[in-house]
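Reading through the structure tokens given below for one structure.
The values are calculated or read from the model by the stated rules, or taken from the named source; none is laboratory data. Keep in mind that what you see is a predicted model, and the values were worked out from it rather than measured. Cβ: placed from backbone, ideal geometry, glycine included. Neighbour counts: every protein chain shown.
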Amino acid sequence: MRKSTPIAIFVVVILAAGGSFIWFMEQPGGPSTAGTQGSYNSTQLIVLYANALGWDYNSSHPNPTLYEKTHVLLEFKVIEQDNLPHTFTINPGPNESASNAILSVNIPPVTGTVTWVNWSFSNPGTFTYWCEVHPETMVGLLVINATTSNTTNASVAPSAPFTCTCANYQPQPALTPFFIRDVNEEFR
Amino acid sequence: MGFSFELALFGSTIAIIAIMGFLLYYFAADYRRNLLGDAGSTLPKIESNTMLSRMKRELSFSAFIMDDSKSIGIRYLLLSLALFFIAGLAGIGMRISLWFPNPTFLTPVQYNILLTAHGTLMLYGWATGSILGITYYLLPSSIRLKKDSLGAVSSVMFWMFLIGSLFLIFSKSTASWYFYYPLVDQLTAAGGGTFSYAALIGVMLILLATVTSCIIFLKMIFLDRDKSIPISRLPLFAWSVVSTSFLIIASAPISMIADGFLIYDLINPIFFQGANGTALGYAIMFWFWGHPIVYVAIIPAFGLIYELLPRFTGNKIFSYRAGVLSLLLLMVLSGMVWGHHLFNSGLGTAWDLIFSTTSFIVAIPSAMSVFNWIATMWTGRVRINVPMLFIINGIIDFVIGGVTGVMVGDVGVDELVHGTYAITAHFHFILLGLTTGIAFAAIYVLFPTLTGGRKYNIPMAKVHFYLTSIGTWIMSGFWLVGGFAGMPRRVAGYFGIFQTYQDAAAIGGVILGLGYLVFLVNFLYSSYGPVEASTDNILEEVAA
């Protein structure tokens with residue numbers, strides 16, 4: 001055995017382990033911006049159906065403009081509608097921009113899948129919510145107004161909540177997953 | 001035409017590569033001549049390789065440019081050791097991040113990257129790689145190999161294994177080690193499953209290398225072993241290699257097919273997309289291989305225990321026939337239990353009961369082996385040294401891991417503990433105590449041979465043993481209790497009520513990591529000690 005073999009093995013193992021760990025730590029897509037969320041005292045539910053033809057395409061208000069407030073935790077309930085891959089992306093400004101997106105969440109391409117995206121804005125402004133896969137059709141505005149005080153305890157009523165008053169709106173049938181079966185099926 | 005800088009650079013690059021190639025060839029030839037002597041180095045390749053694979057071999061980076069069995073074994077051992085420390089550091093990172101219910105320093109994406117790296121590299125890189133290494137190293141002397149052919153194939157397969165493990169490291173996949181469908185098919189760079197296709201290619205390369213190596217092992221055992229060893233007196237380690245090889249050849253290609261489908265699915269989702277109801281199809285094809293791989297990780301460890309125990313107890317193994325029967329039954333039965341990973345996935349009650357029953361039955365050959373070892377120790381005089389400590393600890397850990405495995409093999413219990421840390425505890429008891437422990441026991445046994453007559457530092461080796469043993473117990477034990485309390489696995493954070501279990505497991509994980517660090521330091525320290533031991537070892541004297 002050469003003199004240098006054991007020390008070389010030792011160094012290679014240490015470098016490989018440490019280097020790999022540093023490599024794993026470097027998150028793809030850049031560092032997470034999750035730390036910049038604002039504080040919140042109340043929550044607001046927003047339901048969005050993800051459809052390649054437009055957000056809430058089957059409602060009377062496709063791609064609705066959402067009016068919300070700062071320091072309210074917006075709970076986006078994104079429901080997959082068409083088996084196609086989508087993302088739920090929000091960036092500041094009235095135009096789409098993937099490079100300075102605040103958040104970008106993948107919506108699994110299985111109809112009926114519910115993806116929760118929670119966010120609370122600390123500063124007022126105009127934001128764009130859109131899908132990176134279908135930027136032409138799936139894009140809408142999100143306007144954040146200032147709350148005078150962020151210590152309100154009561155649940156804030158939405159200024160322009162998404163409500164489905166339309167006639168042609170078809171609520172999605174409850175998805176029956178393939179794996180839910182009658183357990184006695186085999187014995188009948 | 002005037003002077004062209006680009007042309008000069010190109011020409012000198014070609015020249016340097018040519019010179020380096022010549023030097024590599026020269027050093028390889030020189031090393032061969034040193035090992036074989038002048039007469040041996042003029043022999044044809046296969047004959048000189050056969051001579052080389054019968055000789056004792058030290059650790060050397062020259063192994064990477066030679067292709068006899070022992071060199072391939074050293075290559076795999078070094079690579080799998082490096083992968084073990086990479087994956088181990090990832091595991092310790094996850095433990096430390098879980099100290100508080102809210103993740104301390106890992107984002108969920110980073111946690112998932114570490115989780116996937118830990119799982120794939122430990123199973124494919126360390127468990128499979130170390131087994132391939134030990135088998136390539138020990139099998140030629142165990143069966144007195146009379147023709148070491150196919151060295152070139154083994155060598156190519158090693159490089160595929162290496163490239164596959166690099167793919168796994170560089171892919172940063174977040175899809176966990178099973179690559180279920182919705183997880184791999186995520187789109188953006190910030191989301192889960194980035195570059196999962198690269199991880200899938202890595203897995204396929206590793207599986208290809210493993211399957212081909214197993215075919216080579218079977219050829220060695222059945223065609224190229226010395227005539228003085230009839231099949232009825234084949235060493236039990238060779239029997240364990242037979243069992244493992246058949247298991248891998250029968251099941252791994254199914255998973256490779258599924259991985260191929262899955263790579264196509266990432267481009268055009270037609271095979272396993274959930275809406276078509278075929279996500280379960282991938283799960284079935286995956287677990288058809290995914291369960292046998294855990295037996296692949298333990299059966300060669302069984303074989304090593306069968307070889308090592310008689311040496312440390314001074315008598316023969318209690319029952320050779322029961323050992324062979326146990327290993328072969330494990331091969332047959334462990335191919336039929338994969339459905340117990342899918343109890344909650346809707347195979348149907350009838351299938352669930354069948355797989356539950358086979359999972360209970362597979363405990364029989366395992367228990368046969370355990371009782372065989374206990375009887376061997378009972379009838380002999382046990383000599384305690386470091387490898388023997390690892391063996392005893394491995395048997396105890398295997399019993400605990402096996403009993404918890406039978407418990408979760410019950411459909412009703414599995415409904416409760418599926419996806420909790422109880423499962424993690426079950427397989428960490430086995431994989432840490434048995435697979436990893438016996439691999440390190442084998443490394444300690446081979447240490448004088450590998451380092452050219454040095455002895456390992458016994459106090460440090462004992463510290464290594466006690467730290468890893470205690471660490472395994474603390475970590476897996478608290479996981480087990482927490483798992484039965486409902487602590488979910490594979491998540492970056494947890495509910496506050498589980499903090500006791502998680503903190504204890506984190507302490508256990510750090511103790512484990514310190515133990516393996518002690519091994520590394522011991523290896524470095526002892527390799528520069530005085531040459532005072534014989535280079536013989538008890539695993540290779542079988543052939544003498």
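Could you give every pair whose Cβ atoms fall below 8 Å, whose first residue belongs to the range B:326-345 and is among the hydroxyl-bearing types (Ser, Thr, Tyr), and whose second residue is outside any helix (DSSP H, G or I), counting only separations of at least 6 or pairs across chains?
B:Ser334/B:His291; B:Ser334/B:Val362; B:Ser345/A:Phe179
Show me the strands (runs of 3 or more DSSP E) entirely contained within the range A:46-105 in which 3 or more residues are at negative phi and away from chain B (no Cβ under 14 Å).
Numbers: elements: A:66-69, A:72-80, A:86-92.
Strands (runs of 3 or more DSSP E) meeting the threshold: A:66-69, A:72-80.
Tell me, yes or no, whether the range A:7-20 has at least one residue that is under 27 Å from B:Ser196 (Cα atoms), within 8 Å of another protein chain (Cβ to nearest Cβ), part of a helix (DSSP H, G or I) and at pLDDT below 85. Don't jump to the end; show me each part of the working.
Step one: filter the range A:7-20 for residues under 27 Å from B:Ser196 (Cα atoms), giving A:12-20.
If we keep only those that are within 8 Å of another protein chain (Cβ to nearest Cβ) too, we end up with A:12-14, A:16-18, A:20.
Next, from what is left, pick out any that are part of a helix (DSSP H, G or I): A:12-14, A:16-18, A:20.
Okay, now just the ones that are also at pLDDT below 85, so none.
Within the range A:7-20 (the criterion being under 27 Å from B:Ser196 (Cα atoms), within 8 Å of another protein chain (Cβ to nearest Cβ), part of a helix (DSSP H, G or I) and at pLDDT below 85), the answer is no, since none of the residues qualifies.
To keep it simple, each residue is scored yes or no on (1) surrounded by fewer than 24 Cβ atoms within 10 Å (Cβ to Cβ); (2) touching a Gly at 6+ places or on another chain (Cβ under 8 Å).
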| position | (1), (2) |
| --- | --- |
| B:Ile96 | yes, yes |
| B:Phe100 | yes, no |
| B:Phe105 | yes, no |
| B:Ala117 | no, no |
| B:Met122 | no, yes |
| B:Gly125 | no, no |
| B:Arg144 | yes, no |
| B:Lys147 | yes, no |
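Give, as residue ranges, the helices (runs of 4 or more DSSP H) completely inside the range B:428-544 that count at least 1 residues that are among the basic types (Lys, Arg) and touching a residue at least 12 places away in the same chain (Cβ under 8 Å). Quick ask: steps written out before the conclusion?
Details: elements: B:437-450, B:458-484, B:499-527.
Passing ranges, in order: B:458-484.
Helices (runs of 4 or more DSSP H) wholly in the range B:148-244 with at least 3 residues that are at pLDDT 90 or above - which ones? Please lay out each step first, then the result.
Working: elements: B:151-171, B:181-184, B:196-222.
Result: B:151-171, B:196-222.
Yes or no: B:Arg32 within 14 Å of chain A (Cβ to nearest Cβ) and not hydrophobic (A, V, I, L, M, F, W, C)?
So B:Arg32 fails the test.
Assuming B:Arg383 fulfils every condition listed in (1) crowded, with 16+ Cβ neighbours inside 10 Å; (2) at pLDDT below 95; (3) away from chain A (no Cβ under 14 Å) apart from one, which condition is it?
(1)
What number goes with the only condition from (1) charged (D, E, K, R); (2) more than 10 Å from chain A (Cβ to nearest Cβ); (3) over 30 Å from B:Thr174 (Cβ atoms); (4) surrounded by 16 or more Cβ atoms within 10 Å (Cβ to Cβ) that B:Glu58 does not pass?
Of (1) charged (D, E, K, R); (2) more than 10 Å from chain A (Cβ to nearest Cβ); (3) over 30 Å from B:Thr174 (Cβ atoms); (4) surrounded by 16 or more Cβ atoms within 10 Å (Cβ to Cβ), only one is false for B:Glu58: (2).
Residue-wise test of (1) crowded, with 19+ Cβ neighbours inside 10 Å; (2) modelled with pLDDT of 95 or more; (3) out of contact with any Pro (no Cβ under 8 Å at 6 or more places or on another chain).
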position: B:Pro448; (1), (2), (3): yes, no, yes
position: B:Tyr466; (1), (2), (3): no, yes, yes
position: B:Ile511; (1), (2), (3): yes, yes, yes
position: B:Asp536; (1), (2), (3): no, no, no
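With respect to B:Ala252, is the statement that it is of a type in the set (A, V, I, L, M, F, W, C) and within 14 Å of chain A (Cβ to nearest Cβ) true?
No; evaluated as a whole, the condition is false for this residue.
Look at the range B:84-103 and say how many of its residues are more than 8 Å from chain A (Cβ to nearest Cβ) and part of a helix (DSSP H, G or I).
Total satisfying the criteria: 8.
Identify the residue in the range A:115-126 that is in a strand (DSSP E or B) and more than 14 Å from the chain's Cα centre (by Cα) and, among all such residues, is modelled with the highest pLDDT. Don't jump to the end; show me each part of the working.
Just the residues of the range A:115-126 that are in a strand (DSSP E or B), to begin with: A:115-120, A:125-126.
In the following step, the residues that additionally are more than 14 Å from the chain's Cα centre (by Cα) were identified as A:125-126.
Numbers: A:Gly125: 86, A:Thr126: 89.
Within the range A:115-126, the match that is modelled with the highest pLDDT is A:Thr126.
Looking only at the range A:123-148, count every residue that is within 13 Å of A:Val78 (Cβ to Cβ), within 14 Å of another protein chain (Cβ to nearest Cβ) and in contact (Cβ under 8 Å) with a residue 60 or more places away in the chain and tell me the total. I'd like the intermediate steps shown before the answer.
Going residue by residue through the range A:123-148, those that are within 13 Å of A:Val78 (Cβ to Cβ) are A:129-131, A:138, A:140.
Cutting the leftovers down to within 14 Å of another protein chain (Cβ to nearest Cβ) gives us A:130-131, A:138.
With in contact (Cβ under 8 Å) with a residue 60 or more places away in the chain added as a condition, the list becomes A:131, A:138.
Residues that pass the stated criteria total 2.
Each row is one residue, and each column tells you yes or no for (1) of a type in the set (D, E, K, R); (2) more than 22 Å from A:Val12 (Cα to Cα); (3) not in a loop (DSSP other than H, G, I, E, B).
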{"site": "B:Ala8", "(1), (2), (3)": "no, yes, yes"}
{"site": "B:Asp38", "(1), (2), (3)": "yes, yes, yes"}
{"site": "B:Glu47", "(1), (2), (3)": "yes, yes, yes"}
{"site": "B:Glu58", "(1), (2), (3)": "yes, no, no"}
{"site": "B:Gly73", "(1), (2), (3)": "no, no, yes"}
{"site": "B:Tyr76", "(1), (2), (3)": "no, no, yes"}
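Does at least one position in the range A:111-122 carry a residue that is touching a His at 6+ places or on another chain (Cβ under 8 Å), surrounded by fewer than 19 Cβ atoms within 10 Å (Cβ to Cβ) and either more than 13 Å from chain B (Cβ to nearest Cβ) or within 15 Å of A:Asn63 (Cα to Cα) (or both)?
Among the residues of the range A:111-122, at least one is touching a His at 6+ places or on another chain (Cβ under 8 Å), surrounded by fewer than 19 Cβ atoms within 10 Å (Cβ to Cβ) and either more than 13 Å from chain B (Cβ to nearest Cβ) or within 15 Å of A:Asn63 (Cα to Cα) (or both), which makes the answer yes.
In this structure, is B:Arg75 over 23 Å from the mean Cα position of the chain (by Cα) and closer than 26 Å to B:Ser155 by Cβ? Before the answer, list the steps.
On the way: over 23 Å from the mean Cα position of the chain (by Cα): no; closer than 26 Å to B:Ser155 by Cβ: yes.
Against the criterion (over 23 Å from the mean Cα position of the chain (by Cα) and closer than 26 Å to B:Ser155 by Cβ), B:Arg75 does not qualify.
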